[in-house]
Structures are given as C-alpha cells and as structure tokens.
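Okay, so here's the structure we're looking at.
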Amino acid sequence: MSHHPTSAPPVTGKVRTRIAPSPTGFLHLGTARTALFSWAFARHYGGEFVLRIEDTDVARSTQESVDQILEAMRWLGLDYDEGPIYQMQRLERYREVAERMIAEGSAYRCYCTPEELETVREAQRARGEKTHYDGRWRPEPGKVMPPPTGVPPVIRLRNPRDGVVTWDDLVKGSISISNHEIDDLVLVRADGVPTYNFSVVVDDWDMRISHVFRGDEHVNNTPWQINIYAALGAPQPFFGHVPIILGDDGLKLSKRRGAVSVIDYREAGYLPEAMLNYLARLGWSHGDEELFGRAQLVEWFDGSHLAKSPAQWDAAKLNWVNAQAIKHTADAELAELVAVHLARRGISAPTDVRLVAMCALFKDRCATLVELADWLAMYHGDLGARDAAMDALVAAVPAAALSALADRFQQVEWHQVAIAAAIKEVLASQGLKMGQLAPAVRVVVCGRPQTPSLDAVLALFPRETVTARLRGHGVAGYN
C-alpha cells in the first residue's frame, strides 16, 4: 500500500455520497465522522448526500435506533438530499438482481447445510489451512449436481478464480488483493435477506453513488464488492477507507470501553458546531487550522489530506474546542440552550435579559453547557453542600459585617456600580479588606468561594435573595 494522496481525488460528473448506518444501536462517533466526511465532500462539489438505513439485521434492528440516528444527524446539521432509504423495503430488488446474476452465470445456488459447512471448516482447520468455502456447488463444465429436497439454498457469487483486484483508495493509495484470497461469497441468505456485501453494491449502484467513504474495517470487503460491480457491468465508485478512532488508552474506541453516542454529547452540553469541528480534525487537516465553522469546512474539504493512520480521541481537546464555540456563541442563543439544561434540574429559567446577562458573564469559564448550568443554578436556589474550607472562609468574617452589607444593599439602587460602592463602604466601616469579605460573601450568596467580579455576579441576583442569604449568615444550604 502506498501513502495516502494529498491531492484531491478524481471527480467526474455528479458527486453523490452516502452514509449507511445499521439501526442496531446509537450513531457512534466513528460513523458520525464518516457521515461528516461524506457530507462535506458532497457539499464541496455541489453534489448530493444520501442517508440509507442498513436494517437487514432484523433481529437487532430497532425503530428506537433509527429515531436516534435521525436525531443525531439533525443535531449535527448533516442534512441529506435523499432518504432515509431502508434496505428491508428493497428485498424484491435484491432478489431480482441475484436472479439475473444466476442467469448470467456470475452467481449460483448453494445447497450446503450449516452442518456441512462446519465439517468442511473443521477439516481445513485440522490441516492448518485458512477456512473457506470449498466450491462444492460451484457450476463447472460437465459438473451436474441435482439439488437436494428440503434444503433452502443460499445464493453465492461465482468469484473469479484468477487475477488480482486493484483499486486506488482515496485514503490509502493503491491496494491489490489476489482473487485466490477470496472465496465464493454468500450474496443472499436462505431466508431471502441479502448479505451486507451484496446489498451495499446494489444500493450504491441504484443510488448512483460516486464516492464511498467508510471505515477501514471494510477494506477486506471491497474486493468482493468490486467483483460484484464487474459481474453486473455496473460503474464502480471511488472508495476511501478512513482509519479507526482510538480511545485515550490506544485501543479502538468502542461502546464497551466507554465511548458514547453522538446524542450523549449533546446531553453532556456540547455544541454541534464544536463536535463537527473536532470530528473533522480526527483524521483530516487543513494546514494548521484548528477552529473553523461548517461553511469553512465545506470550502476546504475536497477529499485530500485524509490521514492514513488512526486518530486518537482526546477529551481535553474536545473540551477546548467546545469552550471556544461557547465563547463565540451569541449570549441570547446560549440562554436558550442552557435553559434546557436547567430545566433538567427542575429549574424553570425564563430566557429573559437576566439569563442572557448571566451567560455573558460566565461563558468564558465553561467548557460545556452543563458547566454553565452549574454556575447559573446558584441564581435559582441551588447552592449545594458546603465543605469545611468554605465554612472557614465564612467564620473568618464577623457576622455583623455580613449583616451590615445586607443593610447597605437594602438602601442602594440595584446595579453593579452601586453594589461595588456599597461593598467599599462596608469594608471601610468594618475595617476589613476585600480579600477577607469577598470570599465569605461568595460562599454565603453563591455557594462557592470563587466567581467572576463580585459586584457583577451579585447584580444578577434579585436584591432580596442576596440580603436574605447574607442575613442567614451563611447557614449551609440557606436560600
């Protein structure tokens, strides 16, 4: 295999790409990244992007998974021009193509029972051979085998015995695999449901897919698919196999090892533009650019500069990208988003000017919307538990000083400048320094020892809440 090309791949005619998840679970991060690459490539070239649901695994496919995949695509903003198209609604088409291949001699019916196939494999393993179908039902000149009764057949590809399958992969460069390495693949199972390698070829042919981006676990499937295209006389799309994503432990990112779905990242307070930005940089680059939006990605993504080696998931980097996205999101938009997270905590926060001002004040400190909601919860009575260190900060200030501040606050106009002046007056009258009083006030009113500028934070509370908490002299949990 050669190094991946850095130049843009060949594009002739209409570009049509697709994403084809199986509805046997959530839309995971690897599939989301492939969807992003396929979508951006189509949009870059003014082409079309198709969503197909590969639901032939009837036992494991669920409507819940379909709904979650569609929701994840919506959230990420990966709009599709056609679909969703469901494979189980196309069974007649697969049967029709398979029958045509049998008639033309490129496929055949195989009546081996599962028990017979296992016996063959056991014998091959005992001889130290690679297990493969031995071709016993493959049509050959002069070979006549009447079909047995009561055995439903599968349909197999009559794979070429000689020659080499070669393609120029958009990511990995030139790949060649000998036909000797490939046996006669099952195209249609005994129950009439097509296998992955057959249905995907028929689908991509019918849907006029020009470029296929997918995970590199499919490299070994590609020779079979190319041979099916050849048998059908169908145009072959360009293939680009992107490497897997590794977890922070260097192993493949998987659900079993803590990977979560795209929708779980929405629930954890990530913005869709940050997820797109971060996923795009996992295995693709444009110079040293780290932060970019959707329109910029479409402008740059011509299919070149896709990395050949696996990408490493980096939660800290994602948090940094998301923090930048939060900083650059309009405060009114943030208020709408954080109100949803507050509602999940039972806090009903109207998206008014006050909530907008809170987002403006705290967003620079937050990597996620959940962290922003953590800050804003204090404005709605949720101070949480106090620890001994916070109690010590309160105890270091005379209770009379907190009461004096509450009294003074009752007398001033309630805005940041007047609040700042009132704090200075109380510091002078009580003989205290800001470094003594401010931490105690923060603990008592905000439930935490550190915040942005105290006067700015207090101005966003109702006056009555601040004075009540100060007069409560910092009783833990006092609202």
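The values are calculated or read from the model by the stated rules, or taken from the named source; none is laboratory data. Quick caveat, the model's predicted, so the values are computed rather than measured. Because the Cβ atoms are built from the backbone with ideal geometry, glycine has one as well, and the counts that use them run over all protein chains shown. Note: accessible area is taken over every heavy atom of the protein model, side chains too, but ligands, DNA and RNA are not part of it. Shrake-Rupley method; radii C 1.70, N 1.55, O 1.52, S 1.80 Å.
Remarks
- Of all residues in the stretch 231-251, those that are free of Cβ contacts under 8 Å to residues at least 40 places away in the same chain and closer than 27 Å to residue 101 by Cβ total 4.
- Restricted to the stretch 337-381, and to residues there that are in contact (Cβ under 8 Å) with a residue 40 or more places away in the chain and not in a helix (DSSP H, G or I), the residue that is surrounded by the most Cβ atoms within 10 Å (Cβ to Cβ) is 366.
- Listed by position, the strands (runs of 3 or more DSSP E) enclosed by the stretch 143-202 that each have at least 2 residues that are over 21 Å from residue 219 (Cα atoms) are 154-157.
Every residue, every condition in (1) small (Gly, Ala, Ser); (2) touching a Lys or Arg at 6+ places or on another chain (Cβ under 7 Å); (3) closer than 26 Å to residue 206 by Cα, yes or no:
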site	(1), (2), (3)
57	no, no, yes
62	no, no, yes
70	no, no, yes
75	no, yes, no
82	no, no, yes
88	no, no, yes
91	no, no, yes
101	no, no, yes
116	no, no, no
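- Pairs meeting the criteria (first residue in the stretch 96-113 and in a loop (DSSP other than H, G, I, E, B), second residue open to solvent by 20 Å² or more (accessible area, probe 1.4 Å) and of a type in the set (A, V, I, L, M), beta carbons under 7 Å, at least 6 apart or on different chains) are 106/231; 111/151; 113/151.
- Enumeration of residues in the stretch 211-229 that are open to solvent by 10 Å² or more (accessible area, probe 1.4 Å) and under 20 Å from residue 97 (Cβ atoms): 221, 224, 226, 227
- Where a residue in the stretch 150-171 is in contact (Cβ under 8 Å) with a residue 60 or more places away in the chain and its partner, wherever it lies, is assigned to a loop (DSSP other than H, G, I, E, B) and among the hydrophobic types (A, V, I, L, M, F, W, C), with Cβ under 6 Å and at least six apart: 157/185; 159/182
- Residue tally, condition surrounded by fewer than 19 Cβ atoms within 10 Å (Cβ to Cβ) and not small (Gly, Ala, Ser), over the stretch 433-455: 8
- Residues of the stretch 306-336 classified as of a type in the set (Lys, Arg) and part of a helix (DSSP H, G or I), total: 2
- Top-ranked residue in the stretch 230-279 [being of a type in the set (Ser, Thr, Tyr) and buried (at least 23 other Cβ atoms within 10 Å of the Cβ); ranked as nearest to residue 67 (Cα to Cα)]: 265
- Counted residues, the stretch 388-424 - those being without any contact (Cβ under 8 Å) to a residue 40 or more places away in the chain and in contact with a helix residue (DSSP H, G or I) (Cβ under 6 Å, 6 or more places away or on another chain): 6
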